Amino acid sequence: MSTRKRSTSISRRQLKEKVVQIYESLLKGEEQYKENLFFWDELFLLKPKLSVIETEIQKLSPEQLLVAKTNISLLIEKCIDTLDHQHSIRIVNALYTLCGLIQALFLKTTEMKLNPISFLADSENEDEKIQHLLSLCQSILQGDSPENMKELCLKLLLLLTTCHDNINENRLIECIMGSSLFEHLIQLLCDVPTRQKHGYNVVLLITILVNYRKYDTTNPYIVKLSILDNELALNGYGQVITASLAEFVNGFNCEQNDNQNSSWLSSITNIVGNMFISEEGTVRIQQMRANNALVLALYEAVHLNRNFITTLAQTQTDSSSPPSPCNTLSALQSRTDLSLSNITFDITSQPSNLLVTFFTYCSIVMQNTKTESGSNTVKLCFIILGCITEDQYANSLMHDVSLAFKVHLYRLPMRHRKIFPERTTTSQPLVCTLLDLLIEFILSHMMKKFPMELYTLCINVIQRILCYQKRCKIRINYHWKDLWTALLSLLRFIVQNENYLAKKMNIFNLCLIIVNILNFFITYGDTFLPTPGSYDELYYEIIRMHQVFDNVYSMGLRYSTSDGDFKNDALKLNNSLINVRGIIKHFNPKIEKWLSANGLSTPTEQQILDIVKKNYDSLTLKLQDSLEQYERYSEKPKHEQFFSHMIKTIVNDTRCNINISYVNEQSQ
């Protein structure tokens, strides 16, 4: 019996796969390769086992890891050399092994606070080895290599560029900066089949590289992206972003459809609750943070490349890249082989474009500003909208009546308003949709945790739109009363919560921006409002809400006559109210006189409008300066810290979500 047991034990040990035995031998520091001239050729014909590599490396103690370092570095070197082999199976297995080794080493060395780059090559020939690896990767990307080989190559590059939380301290990226990788990546975006397969990883990689030391030195990728004028590449870049955002929107839409049997309030509340769970939650990471990389890619293109603006409103008819594997709403949408052609995002039943998709995406993510991560996403969206509305050509596209779309904007359910169906039943210029989006944000975020910065960015976007319309004398058919009502509601909320808000933030600056928007309509409205009746409605709203302006003035007076921190801002606010208060003081006595003469106590809207029309001539207003001037957007230094934080989060999420296991199944 004892003999039989020993025989069984020996038999089980012999059943261990050869590749596993090789891994174990190398990690023990053994040198079997010296005894077998064909050791490495045989190794790369074997199917790699990434799970074994990771498990065995994690088992090593610090001392054992140092013993194995020579063999690990040698294995990496042989992987790199094999990339130049003629045998495709060996190349794929070498790439696969290299990715697995780097993933496992980064995980292990992070725990031990070691430099993972030291395993790639000796310090003496580190740059030479890295350049050799980059050269081989470029050859794979630009050649007729199988698609799975190119995909592994891109994932390898993503692993190399995300091996450090702070990309500015990643020396590997410095080597990439001096290579011609950018041109090869751009070429992948030009071809539809390769873009469908690799577009997400390509755009993600470009975005990470663009953010390398962007504030310290000249980044070649910033320069190259800013001057890129290849229409196919720019269109492909935009389609990749559209695909990812459309997948997110489609998933949200599917969640709504799944809840049709329940009430509107409970269903949408459940959707929002499921989407925006704690920041550590899997759903939260997969949806909001997975899309941040592509939203940042959109920002970089809009901010850096004026040629990209032409793609924003360009109708997209062909399918784009598959969505990111981690960008899902539920397990039903987590399939990595999903392409845009399979997405049921057909809300408008019309051709779509990047701006249409982005507006819908914004309307969803803007529903969550209570977490830091959610607030950062919304801030990034507003910065993009600000950059777009600063651009003359982008504004012309959004105001073009021939580029009309029916865009579905999601609205947050709130206790003080009823859920109503989509009001936009016909197509409209994109600027009208943008204004609807901004108004919705204003109305839906008046809460104790007041998002001051987001409100400021939102109002600034409105200011840019109005300045363009005034400058170009463009009259759009828009219900401007919705905007005035939203702005006045925001003023009223601030005044009502003055005691709480004024202790935490400078509410006077935001009030000043809001009042100046109204001043802009008062001063220049005749140049862009669609009808004279619109001007009358503006005066009616000011008169109707006169109590709000009285309270704002009283608040400003209290702070401007004290020695507090906001004294100067409060004084500026009160000075900006001169025309608004002049309108109220001019028309209110005339309204009271008319009511008294007619024996009425409550006038109708039409009666007040008639009084306004008859008394314009006797109204005297003062011309206010600088209403159409605004500070043009500049990333540095105001937003430098914000973008540094965003790219750090994206790098960390990318590293954690790189999945290479399925590639091997396609290649074997």
Exercise for review: Only residues in region 49-78 that are at negative phi count as the first member; pair them with residues that are assigned to a helix (DSSP H, G or I) and polar (S, T, N, Q), Cβ under 6 angstrom, at least 6 apart or cross-chain, and list the lot.
Suggested key: none
Practice item. Test residue 634 against the criterion of being under 30 Å from residue 539 (Cα atoms) and either among the acidic types (Asp, Glu) or exposed (fewer than 13 other Cβ atoms within 10 Å of the Cβ) (or both), and give yes or no. Key: no
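State yes or no: is residue 370 touching a Lys or Arg at 6+ places or on another chain (Cβ under 9 Å), among the basic types (Lys, Arg) and modelled with pLDDT of 50 or more? Step through it out loud before you land on a result.
Numbers: touching a Lys or Arg at 6+ places or on another chain (Cβ under 9 Å): yes; among the basic types (Lys, Arg): yes; modelled with pLDDT of 50 or more: yes.
Here the answer is yes, as residue 370 does meet what is asked.
What do you reckon, is residue 612 surrounded by 15 or more Cβ atoms within 10 Å (Cβ to Cβ), at pLDDT 95 or above and not aromatic (Phe, Trp, Tyr)?
Numbers: surrounded by 15 or more Cβ atoms within 10 Å (Cβ to Cβ): yes; at pLDDT 95 or above: no; not aromatic (Phe, Trp, Tyr): yes.
In short, no.
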Check your understanding: Given the conditions (1) buried (at least 20 other Cβ atoms within 10 Å of the Cβ); (2) closer than 26 Å to residue 252 by Cβ, which single one is not true for residue 447?
Key -> (1)
Exercise for review: Return only the number of the condition from (1) at pLDDT below 85; (2) open to solvent by 60 Å² or more (accessible area, probe 1.4 Å) that residue 168 does not satisfy.
Suggested key: (1)
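Please enumerate the residues belonging to region 142-164 that are farther than 23 Å from residue 109 by Cα and not in a helix (DSSP H, G or I).
As a first pass, look at region 142-164 and keep what is farther than 23 Å from residue 109 by Cα: 142-151.
Within region 142-164, 143, 144, 145, 146 qualify.
Kindly evaluate residue 118 against the criterion of being within 17 Å of residue 24 (Cα to Cα), at pLDDT below 90, among the hydroxyl-bearing types (Ser, Thr, Tyr) and part of a helix (DSSP H, G or I).
On the way: within 17 Å of residue 24 (Cα to Cα): no; at pLDDT below 90: yes; among the hydroxyl-bearing types (Ser, Thr, Tyr): yes; part of a helix (DSSP H, G or I): yes.
For residue 118, the condition - within 17 Å of residue 24 (Cα to Cα), at pLDDT below 90, among the hydroxyl-bearing types (Ser, Thr, Tyr) and part of a helix (DSSP H, G or I) - is not met.
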Study note, to complete from the structure: Those residues of region 296-310 which are open to solvent by 10 Å² or more (accessible area, probe 1.4 Å) and within 17 Å of residue 395 (Cβ to Cβ) amount to 302, 303, 306, 307, 310
Exercise for review: Considering only residues that are more than 22 Å from residue 625 (Cβ to Cβ) and assigned to a loop (DSSP other than H, G, I, E, B), look in region 567-608 and name the one that is modelled with the highest pLDDT.
Suggested key: 604
Practice item. For region 455-472, enumerate the residues that are open to solvent by less than 10 Å² (accessible area, probe 1.4 Å) and either under 21 Å from residue 369 (Cβ atoms) or without any contact (Cβ under 8 Å) to a residue 24 or more places away in the chain (or both). Key: 455, 458, 459, 461, 462
Exercise for review: Just give me the residues in region 501-542 being open to solvent by 10 Å² or more (accessible area, probe 1.4 Å), over 35 Å from the mean Cα position of the chain (by Cα) and not polar (S, T, N, Q), in sequence order.
Suggested key: 526, 532, 533, 535, 536, 537, 540
Exercise for review: Just give me the residues in region 519-571 being of a type in the set (Asp, Glu) and within 29 Å of residue 470 (Cα to Cα), in sequence order.
Suggested key: 526, 536, 537, 541, 550, 569
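Of all residues in region 30-47 being part of a helix (DSSP H, G or I) and out of contact with any helix residue (DSSP H, G or I) (no Cβ under 8 Å at 6 or more places or on another chain), which is most open to solvent (accessible area, probe 1.4 Å)? Explain how you work it out, then say what you get.
Here is the first cut: in region 30-47, the ones part of a helix (DSSP H, G or I) are 32-34, 39-43.
From what is left, the residues that are out of contact with any helix residue (DSSP H, G or I) (no Cβ under 8 Å at 6 or more places or on another chain) are 34, 42.
Numbers: 34: 139, 42: 72 Å².
For region 30-47, the residue satisfying everything is 34.
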Practice item. Specify which of the listed residues (139, 179) is touching a Leu at 6+ places or on another chain (Cβ under 9 Å), of a type in the set (Gly, Ala, Ser) and outside any helix (DSSP H, G or I). Key: 179
Check your understanding: Which residue, of 60, 65, 50, 27, is modelled with pLDDT of 90 or more, surrounded by 13 or more Cβ atoms within 10 Å (Cβ to Cβ) and of a type outside the set (D, E, K, R)?
Key -> 27
Review point. Applying the selection to region 11-29, what residues are in contact with a helix residue (DSSP H, G or I) (Cβ under 8 Å, 6 or more places away or on another chain) and of a type in the set (D, E, K, R)?
Key: 24, 28
Check your understanding: For region 615-631, how many residues are within 30 Å of residue 536 (Cβ to Cβ) and without any contact (Cβ under 8 Å) to a residue 40 or more places away in the chain?
Key -> 9
Review point. For residue 560, which of the numbered conditions (1) within 24 Å of residue 507 (Cα to Cα); (2) under 37 Å from the mean Cα position of the chain (by Cα); (3) buried (at least 18 other Cβ atoms within 10 Å of the Cβ) fails to hold?
Key: (2)
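Can you tell me which residue within region 477-493, out of those that are open to solvent by 10 Å² or more (accessible area, probe 1.4 Å) and either in contact (Cβ under 8 Å) with a residue 12 or more places away in the chain or under 29 Å from the mean Cα position of the chain (by Cα) (or both), is farthest from residue 542 (Cα to Cα)? Working first, answer last.
Looking only at region 477-493, we keep the residues that are open to solvent by 10 Å² or more (accessible area, probe 1.4 Å), and these are 477-479, 481-482, 485, 489, 492-493.
Retained after the next criterion (residues that are either in contact (Cβ under 8 Å) with a residue 12 or more places away in the chain or under 29 Å from the mean Cα position of the chain (by Cα) (or both)): 477-478, 481-482, 485, 489, 492-493.
On the way: 477: 21, 478: 19, 481: 11, 482: 13, 485: 9, 489: 12, 492: 13, 493: 16 Å.
Ranking the qualifying residues of region 477-493, first place goes to 477.
The values are calculated or read from the model by the stated rules, or taken from the named source; none is laboratory data. Model, not experiment: these values are computed from the prediction. A quick note on method: Cβ atoms are made from the backbone with ideal geometry, for glycine too, and the neighbour counts reach across all protein chains shown. Areas reflect the complete protein model, heavy atoms only, side chains present, ligands, DNA and RNA absent. Shrake-Rupley method; radii C 1.70, N 1.55, O 1.52, S 1.80 Å.
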